[in-house]
1. Return the only residue of B:85, B:71, B:7 being crowded, with 19+ Cβ neighbours inside 10 Å and either more than 9 Å from chain A (Cβ to nearest Cβ) or free of Cβ contacts under 8 Å to residues at least 24 places away in the same chain (or both).
2. Would a scan of region A:43-55 turn up a residue that is farther than 20 Å from residue B:2 by Cβ, touching a residue at least 40 places away in the same chain (Cβ under 8 Å) and surrounded by 13 or more Cβ atoms within 10 Å (Cβ to Cβ)?
3. Among the residues of region A:21-33, write down those that are away from every other protein chain (no Cβ under 14 Å), more than 10 Å from the chain's Cα centre (by Cα) and part of a strand (DSSP E or B).
4. Please go through region B:68-82 and give me each residue that is part of a loop (DSSP other than H, G, I, E, B) and at pLDDT 95 or above, ordered by number.
5. Applying the selection to region B:90-115, what residues are part of a loop (DSSP other than H, G, I, E, B) and either at pLDDT 95 or above or within 10 Å of another protein chain (Cβ to nearest Cβ) (or both)?
6. One residue is enough: does region A:64-82 have a residue meeting the conditions within 29 Å of residue B:40 (Cα to Cα) and touching a helix residue (DSSP H, G or I) at 6+ places or on another chain (Cβ under 7 Å)?
7. Only one of these conditions is not met by residue B:48: (1) without any contact (Cβ under 8 Å) to a residue 40 or more places away in the chain; (2) assigned to a loop (DSSP other than H, G, I, E, B). Which number is it?
8. Go through B:21, B:12 for me and flag whichever is under 10 Å from the mean Cα position of the chain (by Cα) and either in contact (Cβ under 8 Å) with a residue 60 or more places away in the chain or more than 14 Å from every other protein chain (Cβ to nearest Cβ) (or both).
């Protein structure tokens, strides 16, 4: 059975802090790992990682994948209150043909206090 | 780009009735659409995958006769919850992907409450 474990489950920080969110996974036929940010409604796409060791960066957010150790981290530097959200990690695996499935972790609830 | 809409955003219905939820990709053609359910403080659980013009593939434990999925065009998929029960109350979210891309883009979700 495919498994995704995110840690910590929740985190409270002050504005300006740097946070690291963790995601470990065990899926068959792994293809890529995606990070999403979920505020009040549906998740918004952040990153897709397919290769080990190559950092993806977008502003204050960055992420990296280790396919050997089966984990990924998401870093957020100089956090702002607008970063408060649930961060979801989802490995993508191939299920025959071109059918990919995302398996979501439970997420990390990040709260950034002013 | 990559905008997905859902309608309605919330719906309340009585037990035993059916509810249809629409998912549209607004600025791209979605070869595959996915339907998820999310219970409070839980993660997204995939219910089914639908490819345009073919039958949906349901995840284990999801009743296909209860959750009818139609993906009639490259921009529209519908989920009909038939004979709804209070335990079907949940947040239903669709997503869409273009071609062979891995990224899925999510709609804003539909909050269903069955009384």
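The values are calculated or read from the model by the stated rules, or taken from the named source; none is laboratory data. Every value quoted in this text rests on a predicted model; they were computed, and no experiment measured them. Glycine also receives a Cβ, built like all others from the backbone with ideal geometry; neighbour counts cover every protein chain displayed.
1. Details: B:85 fails: crowded, with 19+ Cβ neighbours inside 10 Å; B:7 fails: crowded, with 19+ Cβ neighbours inside 10 Å.
Just a single option satisfies the conditions, and that option is B:71.
2. Initial filter on region A:43-55 (farther than 20 Å from residue B:2 by Cβ): A:51-55.
Imposing the further condition that a residue be touching a residue at least 40 places away in the same chain (Cβ under 8 Å) reduces the set to none.
No, because not a single residue in region A:43-55 is farther than 20 Å from residue B:2 by Cβ, touching a residue at least 40 places away in the same chain (Cβ under 8 Å) and surrounded by 13 or more Cβ atoms within 10 Å (Cβ to Cβ).
3. A:26
4. Residues of region B:68-82 part of a loop (DSSP other than H, G, I, E, B): B:74-75, B:82.
Matches in region B:68-82: B:82 only.
5. Step one: of region B:90-115, the residues part of a loop (DSSP other than H, G, I, E, B) are B:98-104, B:107-109, B:115.
Selection gives B:99, B:100, B:101, B:102, B:103, B:104, B:107, B:108, B:109, B:115.
6. yes
7. It is condition (2) that residue B:48 fails.
8. Working: B:12 fails: under 10 Å from the mean Cα position of the chain (by Cα).
Sole residue among the options that is under 10 Å from the mean Cα position of the chain (by Cα) and either in contact (Cβ under 8 Å) with a residue 60 or more places away in the chain or more than 14 Å from every other protein chain (Cβ to nearest Cβ) (or both): B:21.
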